[in-house]
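Structure, as structure tokens:
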Amino acid sequence: MSKIANMLNMIQILKDENIHSIQSLAQKLEVSQRRVRSYKQELEQAGIYINSVTGKYGGYQIDKENNFLKLENIVKEEMYIIMKKAIKNRNKIEIEYKSINSGITKRIIHPAELFCYIDKWYVAAFCELRKEIRLFKLEDIVNYKVLEENYDDKIIIKKRA
């Protein structure tokens, strides 16, 4: 299985809020215990926090209040994964975005970072339409398409006078 699929499976296993040993997770995912530890680290870098429980019956446990678990109610997990992949590969994304001020607008963005703020997921991205870094709430992205075209992550943004 792919790395992303394994990490999503690990989240599914941990959703029951029980403590799972690293060894049992490794067996269920058919990977090494070292790989399970690296999945935990990468998930935490993406804002999905997993508790480490020490002791004889220790292991990993996902917190009830974990913001990622609320993600499926707010926005499709697929969009989150696609955004993460686009950030890694520096792909431009064409979106239709529902804005309070402008209505629905078509934009091309250069996604840089995903983050959760007050239970809402956002992507920080350079917007070609506005020529500046903007924050886009994932649930307000009506439609999206990952483009083959890559962006240069060293774009210098000039401040308006």
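No value in this document is a laboratory result; all are computed from the given coordinates. Please read these numbers as outputs of a predicted model, since none were measured by experiment. Ideal geometry is used to build each Cβ from the backbone, glycine not excepted, and the neighbour counts take in all protein chains shown.
Using the Karplus curve 6.51 cos²θ - 1.76 cosθ + 1.60 with θ = phi - 60°, work out ³J(HN,Hα) for each residue of segment 113-125 in order, rounded to whole Hz, and write x for Gly and Pro.
Once θ is set to phi - 60°, the couplings for segment 113-125 become 7, 10, 7, 10, 9, 6, 6, 10, 8, 10, 10, 8, 8 Hz.
Can you work out the FRET efficiency for the pair Lys15 and Glu94, with r the C-beta to C-beta distance and R0 = 35 Å, to the nearest 0.05?
Working: r = 33 Å, r/R0 = 0.94.
Result of the calculation: an efficiency of 0.60.
Just order 114-126, 12-24 by mean Cβ neighbour count inside 10 Å, highest at the front, would you?
Numbers: 114-126: 16.6, 12-24: 14.8.
The densest-packed peptide leads the list: 114-126, 12-24.
Using semi-axes √(5λ) of the Cα gyration tensor in Å as the read-out, say which of (i) 34, 16, 14; (ii) 73, 19, 14; (iii) 30, 15, 12 was calculated from these coordinates.
From the options (i) 34, 16, 14; (ii) 73, 19, 14; (iii) 30, 15, 12, the structure gives (i).
Per-residue counts of other Cβ atoms within 10 Å, averaged by peptide: what ranking do you get for 32-43, 98-109, highest first? Walk me through the intermediate numbers first.
On the way: 32-43: 16.3, 98-109: 13.2.
The peptides rank, most packed first, as 32-43, 98-109.
Once you sort the root eigenvalues of the Cα gyration tensor of segment 1-48 as a ≥ b ≥ c, which label holds: rounded (a/c under 1.5), prolate (a/b larger than b/c) or oblate (the other case)?
Values: a/c = 1.36, a/b = 1.07, b/c = 1.28.
Cα axes put segment 1-48 in the rounded bin.
Over segment 3-65, what is the relative contact order in percent, taking alpha-carbon pairs closer than 8 angstrom and at least six residues apart? Walk me through the numbers before you get to the answer.
On the way: 64 pairs, mean separation 24.5, N = 63.
About 39 percent, as a whole number.
Mark the label point 7 Å from the Cα of Glu78 along Cα→Cβ and return the residues of segment 8-44 whose backbone N is within less than 19 Å of it.
Flagged as within label range: 8-9, 12.
Which ³J(HN,Hα) values, rounded to whole Hz and listed in residue order, are derived for segment 134-145 from phi using the Karplus coefficients 6.51, -1.76 and 1.60 in 6.51 cos²θ - 1.76 cosθ + 1.60 with θ = phi - 60°, glycine and proline given as x?
Couplings: 10, 9, 10, 6, 4, 5, 9, 7, 6, 8, 8, 8 Hz.
With a/c under 1.5 counting as rounded, go ahead and sort segment 69-150 into rounded, prolate or oblate using the C-alpha gyration tensor (a ≥ b ≥ c being the square roots of the eigenvalues; past the cut-off, prolate if a/b is larger than b/c, else oblate). Could the numbers behind the result be given before it?
Details: a/c = 1.58, a/b = 1.14, b/c = 1.39.
The shape class here is oblate.
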